[in-house]
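Engineer: Pasting in a structure now, in structure tokens, and then I'll have a few things to ask.
The values are calculated or read from the model by the stated rules, or taken from the named source; none is laboratory data. It should be emphasised that the depicted structure is a prediction, and the values quoted were computed from it without experimental measurement. Counting neighbours? That spans all protein chains shown, and the Cβs are built from the backbone with ideal geometry, glycine included. The protein model used for the area step is the full one, side chains on, heavy atoms only, and it has no ligands, DNA or RNA in it. Shrake-Rupley method; radii C 1.70, N 1.55, O 1.52, S 1.80 Å.
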Amino acid sequence: MEEISEYFSGNLRSRSDSVASTCTESTSSRLYVRQRLAMLMTCVDDLDADDKLHAQVAKTLDEAFLVCRQTAGRPKKDQFRLYVVTWNVATAEPPDDVDSLLQLSSPKKPDLYVIGLQEVKAAPLKFVTDLAFEDSWSHLFMNTLAPLGYIKVSSIRMQGLLLLFFSKLEHVPFIRDIQVTYTRTGLYGYWGNKGGVSIRLSFYGHMLCFLNCHLTAHMNYASQRVDEFEYILDAQTFDTKNTPRILDHKVVLWFGDLNFRIEDHGMLFVRNCITSQRYNLLWPKDQLTMMKQKEAALQKFEEGPLDFQPTYKFDLHSDNYDSSGKKRKPAWCDRILWRVKPKEEGNEDGQNQEETNKHKQEEFPLKLSQEFYTSKMEYGISDHKPVIGIFRLELRKMYKTPLVQVSAEGEWSADFDALITYSLLQSFPSSAWDWIGLYKVGFKSVSDYITYTWVKDDQVSFSDELFQVYVNKDEIPVLGGECVLCYYSSNLQCIVGISQPFKTKANGQIEHICIKFYCIKEQRIQDIKFWRQELNQKFEEMVQEIETLIIFKSRVERALESCSEPLQVTLQCLTERQKRVAIDLVHDEVEEELLKEKEVIEGVMVLLQRTLEQINEQIRLIRSVKYYLEKDLQDKFKAERIDDFCSLLTSASSGLNGSISNYTSYGTAVTPEEWESLCNLNLSKAEKEKNNSLSLRALVDSLLEQTAADMRRQYETTGRAFELRIEETKTAKAQLENQLNELLAETANQEKNLESLRVAIAEKEAPLKVAQTRLSSRSQRPNVELCHDPAQIRLLEEVKELANHIERNVNASIECVSENLIGMTKMEIQVHNRGEKHKESCSLSTSWIFFTLSVVLNVTFASCLTVVLWNINATIECISENLIGTTRMEIQVHNHGEKPQEISFSLSTTWILFILSVVLNIIFASCLIIILWRREKYTKPEDDDHVYMTAMKREESLYETIKMSSQRF
């Protein structure tokens, strides 16, 4: 019990200190265990040694301490942050800033950066230049990461594929066995536009492999992409026994533009899911997810959830998906996957479980987990968005000391030769080609040395454990500075030892000059950086302004294009309205509004066209300013690099120029004041054009708003005019229909009257014929028998009565017809007066209807009257002949003549008929005069009802056409 208490108390204190130092990182469960242990200690003190519970507690504590010993004996794992970037840059030049891409502002700094790029510009001349020097993308990442303590450990490029590996300086001596390789898959394996590049290395004894791929594009080649990936896995081999193939490494990170697309779903559904951030609806149709279910090679790899919007395909410098004619469907083309080599099965040779677990922990002391997986939407230089993945790598270091320990002996100065001391801490395959390089603190890569010395050739003394190497003073930088020494192994192709930072002093004779030059140079560099930042800011503003103006230009172009259809509709309305017939072809309010609408639209189009020309001119001016800003930026960037290069020159540097004959001609183009004024001139021009652009954009906004309001207002006015005109036409048509019905009814009445007249005349024809026959027969009496006897008198009275009766019927008919004609004329005048309120169209149609009915009635009446008059004339002629014969007989008998009264009767009847004819002709002439007077003013269509129906339908059709095109306004 005492041993347990001693072990418990001693270990508890030592562990409590370590726990307290990391208390903020402990979990609640561990704090709870500590509280329970404190309570247990109190309970143990209260227990009796003879109590059975005391023995049980002691046994339980023994078992607990045994577990603690086993846990304490395990090797502790270290954690590292691994930052992976993949980006298809679409041959674009690198942006000015990648801080957001690399998350440099994050408090948790990564230990390793792995950056894979696709479609880096690989034109023949540029590709050769990049092979001789570092490419622009590598320069950008090195310049960004080097000041933060990262160096480029390795890189590989195959045409457009580029893979970069950066590490913190403290891990560099423990990164060994670096090898790179590549595989082409484009053009049947002969072209490197598609394929894969890889870097493999040993990180604290654990084998890691990074594979950057660019696979075949397009929707229908999912199986071919899988075949290419399997081909890359089989084709890439490394010159090592333990890990000759990619899948032999403990950790494999596979990333790049894998070009897997989203199947089945239509464009609208995909974009709706993206807008609503329901990405999980798209995962089942992702080709990579689908292929992983049936391809064994893919099932070995893991991937985090795709909780970010698809990274392909975007319009340049925009967050909008493809708006070109191809309309490519969005897809997660850019991916990051990983694979951890699975643990081997435990043996079954009778070993206990503790030995098996210990063997597994020593065999696989590594764990990889993903902490973050997303895209960076703020970068728009490519149609792809970059994708980043942050991993936590937990492993047990297989070695904690570097292969070589290097240090600088004594004080280093450009006035004296220097010594380097190094010792081999572990055995490794050294070579005569090993060298030690002198680097400035913050160097970018292995080749970024100031000077170097060969280990074997410049070695001045050695022992079994300690070696010294000589460094000439001419190779030490004259300006001095903070430096480090790095031992580079040619066989391992890596740095195996790094010294602690130390300072070198400048040459005493030129120290004053160098310090003065350094101060001037630093001030000059600060000035250049200041103006470069100002110019770069204005340059970005100009680029943004150009993009904004292009957007405004497209808005104006769309507005101008949308005006053409309303104009065509208006012109079509005017053309259709010209087809109206006769009296409907009137210059009404609708016509005026349509002409006004035509003028408004044409005026808007002219104004928009002029504005479009102004926008084009402003874009041209801003592009001109942008060109000079860009040229000035390039000059300042080159000047800054030249000054940086000059600050690193030493007397041992190669390529020094000893001739100073033309020194005075250098740098005398402008004075510093002129240089500053030129920079300020570019900035002022840029600011001026920016203000002009802002004013133009405000003008475009107000112009579009005002023109849209004007067109909408005129459209509504025209629509109201159409509605009013259609309503008036419908009202006129209804009135005409009513008047027509009344006239038709009156016509039917007159036809009945005429029919009654015919019947009455027909009824009198038989008695009249009898009377005529009797008179005719009695007129043939011979000689004196032809006397005017009572019978003859009665016959004459009968004929007279019949004539009077016919005359009364005829007069009644004439009066009826006259009244009807007068009534119709009055009705025509009333309709005419009402028609004046409806654009004079109704009265004209009514007049023509009255005219037609008058003609019909007159023709009918004339026909009947002709028959009656013919019969009356025949009767009168017969009676006249009889009277004349009788008179002649009386003259012969009485020898004196006396005018008979019948002749007076015949003459009075003729006059009556003549007077009636004159009255009818006067009435008919009056109607005809009215009709002809109206005919001189208007032209009557053949069919009024058809004309008005056609006009009304045409007005309604044009109105509906304008309504349908209102959206174009």
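Engineer: Can you grab the distance from the C-alpha centre of region 419-470 to the C-alpha centre of region 718-737, Å, no decimals?
Structural biologist: Using only Cα atoms to place each centre, the spacing works out to 104 Å.
Engineer: Among residues other than residue 98 whose Cβ falls under 13 Å from its Cβ, what is the net charge (Lys/Arg +1, Asp/Glu -1)?
Structural biologist: Residues close to residue 98 contribute a combined charge of -4.
Engineer: Let me ask you something else. Cα extents of region 229-299 along the three principal axes, largest first, in whole Å?
Structural biologist: That works out to 52, 20, 17 Å along the principal axes.
Engineer: While we're on this one: Excluding ligands and nucleic acids, what accessible area in Å² is computed for residue 85 using a 1.4 Å probe, to the nearest 10?
Structural biologist: Here the residue's solvent-accessible area equals roughly 0 Å².
Engineer: Just to confirm my numbers, what's the Cα centroid distance between region 312-340 and region 172-216 in Å?
Structural biologist: 24 Å
Engineer: Right, here's the next one. Could you pull out the pairs from 313/636; 327/598; 241/285; 109/456; 385/688; 168/376 whose alpha carbons sit more than 30 Å apart here?
Structural biologist: Result: 313/636; 327/598; 241/285; 109/456; 385/688 exceed 30 Å.
Engineer: Using a 1.4 Å probe over the heavy atoms of the protein chains, calculate the carbon and sulfur portion of the accessible area of region 138-279 as a whole percent.
Structural biologist: 50 percent
Engineer: Hey, another quick one. Counting only protein chains, not ligands or nucleic acids, how are 119, 673 ordered by accessible area (probe 1.4 Å), most first?
Structural biologist: Largest accessible area first, the list is 673, 119.
Engineer: Which of the peptides 101-109, 415-423, 145-153 is most tightly packed, and how do the rest follow, going by the mean number of other Cβ atoms within 10 Å of each residue?
Structural biologist: Those peptides, ordered most packed to least, come out 145-153, 415-423, 101-109.
Engineer: Starting from the Cα of residue 447, step 7 Å along the direction of its Cβ; do the same at residue 595; then give the gap between the two resulting points in nm.
Structural biologist: 8.1 nm
Engineer: Under a plain spin-label model, where a point goes 7 Å from the Cα along Cα-to-Cβ, how far apart in nm are residue 280 and residue 671?
Structural biologist: Using points 7 Å along Cα→Cβ, the separation is 7.2 nm.
Engineer: Could you work out how far apart the two model spin labels at residue 317 and residue 472 are, taking each label as a point 7 Å from the Cα in the direction of the beta carbon, and quote it in nm?
Structural biologist: Using points 7 Å along Cα→Cβ, the separation is 5.3 nm.
Engineer: With a 1.4 Å probe and every protein chain kept in, tell me what percent of the accessible surface of region 404-507 is carbon plus sulfur.
Structural biologist: The computed percentage sits at 47.
Engineer: Among the GluC sites (Glu not before Pro) in region 403-469, which ones are in a DSSP loop with at most 14 other Cβ atoms within 10 Å of the Cβ? Mind listing them?
Structural biologist: 411, 465
Engineer: Under a 1.4 Å probe, what is the accessible area of region 404-507 per residue, stated in Å²?
Structural biologist: Value for region 404-507: 48 Å² per residue.
Engineer: Same structure again: Relative to the present Cα-Cα distance, how much length would full extension add between residue 104 and residue 745 at 0.36 nm per residue of separation?
Structural biologist: Extra length available between residue 104 and residue 745 comes to 220.8 nm.
Engineer: Please report the antiparallel percentage of DSSP beta bridges with both residues in region 404-507, rounded to the nearest 5.
Structural biologist: 95 percent
Engineer: Rounded to two decimal places and with Rh computed the Kirkwood way over Cα pairs, what is Rg over Rh for region 404-507?
Structural biologist: When Rh is taken as the Kirkwood radius, the ratio is 0.94.
Engineer: If you wrap a convex hull around the C-alpha atoms of region 108-252 and split its volume per residue, what is the figure in Å³?
Structural biologist: 135 Å³
Engineer: Can you order the peptides 699-705, 713-719 by their average number of other Cβ atoms within 10 Å per residue, highest first?
Structural biologist: 713-719, 699-705
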